[in-house]
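Asker: Below is one structure. I have some questions about it.
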Amino acid sequence: MASIPTSHDQILRGIHVIDGGLASELEYLGAHIDGPLWSAHVLEDEPEKVAAVHRAYVQAGSQCIATCSYQVSRTGYAEVGLAPERADAALLRSVTLARSVVAEFPDRRILVAGSLGPYGAALHNGAEYTGDYDCSFADLVRFHRERIEVFATASGPQAPDLLAFETFPSLEEVRAVGEALAPWPALSAWFSFSCRDAKHVSHGESLADCAALVAALPQTVAIGVNCIPPRQVPSLIAELRSASTKPVVVYPNSGEGWDAQARCWTGCSDPAEFGSMAASWFAAGAQIVGGCCRTRPAHIRQVSKAAQAAVLPLA
């Protein structure tokens, strides 16, 4: 088995390909994710489907897989009548499940990222794409610290290699995460933002300002964008590189469009075209690439080919 760097600064060394969409791939496997907990319902009721998705992405070339915990929180579980302890246990179980799949590939170095979505994801009303929350800064800190503490105090197969703060919409929320993370400076984390255009995060602040803020946190090992249209990626890479020297991670949607009124996806996506775009993102300075909504193992296979063809730093 390849050795795993233990240094905080070395955690992403040699990692260039992450996984693709989890929830949408679960839907392809017949899982129902339309409840308030989205993919966490599947983690609770059909964990074998989650494992199957992880396995498919590793087989496609992923060097890092994100846990099925994006939507897991005490707040969300309370809404459906589940105890806080049930949410904490689900966070740990998501890591154990991912590690069980990684163990099937003993000759490869594969990281497990503990996925943590923004407060808006717990509201399940699309607020992660606006950042318009009806809560205080202290509420945000408490929401994130509850989940961070579970991962930070875990050990053995329940402990992720790093945390992935995904689809964050605003400067205020990542500032709250920074405060929530403060007790654990040795943790490793990447921050990834949702964006409204080629320069601004969803709430309206500049991506460069958000990147500069999280780059100053001792836990930050990479900064990026996710759940955005592929066409925005080149400009956003430039914004990220202007603000920080941290490795850039990008994982956009497939290129299909979401019709909010009809509640369906429109258009189509070609994995080969996605791979060609991934090659251009690597050339533009991204060091870690994957996919978000509607991307599948076929897309990640093409990203892996692009990474192998590119001349990339070790990160």
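The values are calculated or read from the model by the stated rules, or taken from the named source; none is laboratory data. These numbers were taken from a predicted model, which means no experiment stands behind them. Neighbour counts are summed over all protein chains in view; Cβ atoms, including those assigned to glycine, are modelled from backbone coordinates with ideal geometry.
Asker: Name the one entry in 81, 21, 14, 35 that is farther than 23 Å from residue 168 by Cα, touching a residue at least 40 places away in the same chain (Cβ under 8 Å) and part of a loop (DSSP other than H, G, I, E, B).
Answerer: Of 81, 21, 14, 35, the one residue that is farther than 23 Å from residue 168 by Cα, touching a residue at least 40 places away in the same chain (Cβ under 8 Å) and part of a loop (DSSP other than H, G, I, E, B) is 14.
Asker: Right, residue 225: within 16 Å of the chain's Cα centre (by Cα), at pLDDT 95 or above and not in a loop (DSSP other than H, G, I, E, B) or not?
Answerer: Yes.
Asker: So which residues in the range 116-127 are in a loop (DSSP other than H, G, I, E, B) and more than 16 Å from residue 171 (Cα to Cα), if there are any at all?
Answerer: Hits for the range 116-127 are 124, 125, 126.
Asker: Would you mind telling me which numbered condition in (1) under 19 Å from residue 307 (Cβ atoms); (2) aliphatic (A, V, I, L, M); (3) outside any helix (DSSP H, G or I) residue 58 fails?
Answerer: (3)
Asker: Residues being within 26 Å of residue 200 (Cα to Cα), touching a strand residue (DSSP E or B) at 6+ places or on another chain (Cβ under 8 Å) and not in a helix (DSSP H, G or I): count how many of those fall in the range 128-161.
Answerer: Final tally of qualifying residues: 1.
Asker: For the subset of the range 63-94 comprising residues that are β-branched (Val, Ile, Thr) and under 14 Å from the mean Cα position of the chain (by Cα), which member is farthest from residue 149 (Cα to Cα)?
Answerer: 65
Asker: When you scan the range 245-268, do you find a residue that is at pLDDT 95 or above, farther than 14 Å from residue 191 by Cα, in contact with a Ser or Thr (Cβ under 9 Å, 6 or more places away or on another chain) and in a helix (DSSP H, G or I), even just one?
Answerer: no
Asker: Also, quick follow-up: Would it be correct to say that residue 93 is under 16 Å from residue 71 (Cβ atoms), outside any strand (DSSP E or B) and touching a Leu at 6+ places or on another chain (Cβ under 6 Å)?
Answerer: Taking the combined requirement at face value, the residue does not satisfy it.
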